[in-house]
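Notes follow the structure.
The values are calculated or read from the model by the stated rules, or taken from the named source; none is laboratory data. Please read these numbers as outputs of a predicted model, since none were measured by experiment. For neighbour counting, all protein chains shown are included, and Cβ atoms are generated from backbone atoms with ideal geometry for every residue, glycine included. Each accessible area value is taken on the protein alone, full model and side chains, heavy atoms only, with ligands, DNA and RNA left out. Shrake-Rupley method; radii C 1.70, N 1.55, O 1.52, S 1.80 Å.
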Amino acid sequence: MKRRQFLRTIAHPLLCAGVLSPSLSSCAVRGNTPAHIVVIGGGYGGASCARYLRYFNPDLHVTLLTPERYYYSCPFSNPVIAGIEPASIIRHSYTGLAKNAGVRLIHDTAEGIDPDKKTVQLSGGGQLHYERLVLSPGISFRWNHIFSGYDREAARRMPHAWQGGEQTLLLRQQLRAMPDGGLICIVVPGPAFRCPPGPYERASLIAYYLTQHKPRAKILLLDANEHFSKQDLFEEAWQQRYPNLIERIPISAGGLVLAVDAKKMQIQAEAGRFRVNVGNVIPFQQAGRLAVDSGLTDESGWCPVNHQTFESLHIPNIHIIGDSCIAGAMPKSASSANSQAKVCSLAVVNLLADRPPGEMVYHNTCYSLVAPDYGISINAMFRYEEQRIKLIQQAGGLSPLRAAGAVRRAEADHARSWYRNIHRDSFASP
């Protein structure tokens, strides 16, 4: 499938939802009694699922539970860190879900789940009863896992900036305050982690900032991986745009970090000890804390699910989407969460009506900015086969190597367009 045709295909919301069944009209058939579906987590997965549950069956009572009044996205946080975009670009309101999609919003925290009674206990008091529950709790950090000395307190001095908001602004502030000629170290965790190309986009855009403001500074990537997503494209761009500015040490060369001393601003890796001016330490990750505490994870720290419906393999009537779930060949990304939300919402509507969930397809689109005028991307489609989500080999693809500048500029524009569109789609904004 040609890239342009692929992008047109995933732009259609029903195709994004994974509908391959002969009749789309079955998506909107109402049950005899409106059911109450509770969705926990207000990111791209949870917001999209709440919206599309109502889209596929407007009679459903859908409650979205999230403690925040605004959602601060990880996509496009790297341009904010590098000063390319204002901080306001990553702040999203939930009002469109209530006004335009009929979703009930509760800004509170889930303290626990009782799967036998089908209730969610709220920290503010009271509880919610559900017919089916959808969790999209994102990630939680495995503090002091693999490398010691990194906890919540250390993150105040060496920010991870792997959750949008305060940490994003802290890293931006530290980058601006560091002296010219300083060293910025980005610690990349081992798999699996949210947004596999994210650390390398961050290195690229920080490098762009340095060329504009602190040309004698350097970037060091201490990487617990041997290879990474879009590696050839990133390395080609680094050679062209930022020669001798970014050094990456993979795990085979000692890139695994062993200890962090945030007070001394030192990072100990197998390759040696490094004193840094800015430390961006991205911890190892697992499913969101609610999923972990509710017994929905396996030994990997992530949630095994039925890949056709995203129902938990541990507890019935609970579905898990987004970064927390184990989704076969799909990466942990905003686009994956948005796609999984649509598949899950359609499956839930069908299951409530005692219909089979249907055949499913899924998609992931990931743009990375190397500079404001330089974008690269990977696009992929997936299919449910043999009880697993598998990559459709002939669909999508990578940006080409050795492309003309006009191609890279166009991809940078597409990245901004993708971000606007996924925001509108997920949060039902005008």
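Every helix of 4 or more DSSP H residues in the chain counts as -39500 (n - 2.57), and over all residues that averages to -8500 deg cm²/dmol at 222 nm. For the pair residue 407 and residue 117, label points projected 7 Å from Cα toward Cβ lie 6.0 nm apart. Under the combined filter of DSSP loop state and at most 14 neighbouring Cβ atoms within 10 Å, segment 156-239 retains these GluC sites (Glu not before Pro): 226. Taking segment 346-421, which trypsin sites (Lys or Arg not before Pro) meet the DSSP loop condition and have no more than 15 other C-beta atoms within 10 Å? For trypsin sites (Lys or Arg not before Pro) across segment 346-421 that sit outside H, G, I, E and B with at most 15 neighbouring Cβ atoms in 10 Å, the list reads 402.
Here segment 30-102 and segment 388-407 have alpha carbon centers that stand 29 Å from each other.
When the alpha carbon coordinates of the chain are projected onto the principal axes, the ranges are 68, 48, 39 Å, largest first.
At full extension, residue 69 and residue 36 could sit 9.7 nm farther apart than now, given 0.36 nm per residue minus the alpha carbon distance.
Normalised by the number of residues in the chain, the average gap of Cα pairs under 8 Å and 6 or more apart makes the relative contact order 21 percent. Gain on full extension, evaluated as 0.36 nm per residue between residue 211 and residue 293 minus their Cα-Cα distance, stands at 25.0 nm. For a Förster distance of 45 Å, can you work out the FRET efficiency between the beta-carbons of residue 273 and residue 59, rounded to the nearest 0.05? Plugging the Cβ-Cβ distance into 1/(1 + (r/R0)^6) gives 0.15.
Counting every alpha-carbon pair across segment 377-430, the share separated by more than 18 Å comes to 55%. Scanning the chain for long hydrophobic helices, with DSSP H runs required to stretch 18 angstrom or more by C-alpha along their axis and to average at least -1.0 on the Kyte-Doolittle scale, returns 198-213, 334-352. For segment 324-430, the set of GluC sites (Glu not before Pro) satisfying both a DSSP loop assignment and a count of at most 14 other C-beta atoms within 10 Å is given as 359, 386.
Obtain the radius of gyration and the Kirkwood radius of segment 256-312 from its C-alpha atoms and give Rg over Rh.
1.22
Reported to the nearest whole Å, the Cα centre-to-centre distance from segment 329-344 to segment 131-161 is 21. When the accessible area of segment 206-315 is split by element with a 1.4 Å probe, what percent falls to carbon and sulfur? Its accessible area is 45 percent carbon and sulfur atoms.
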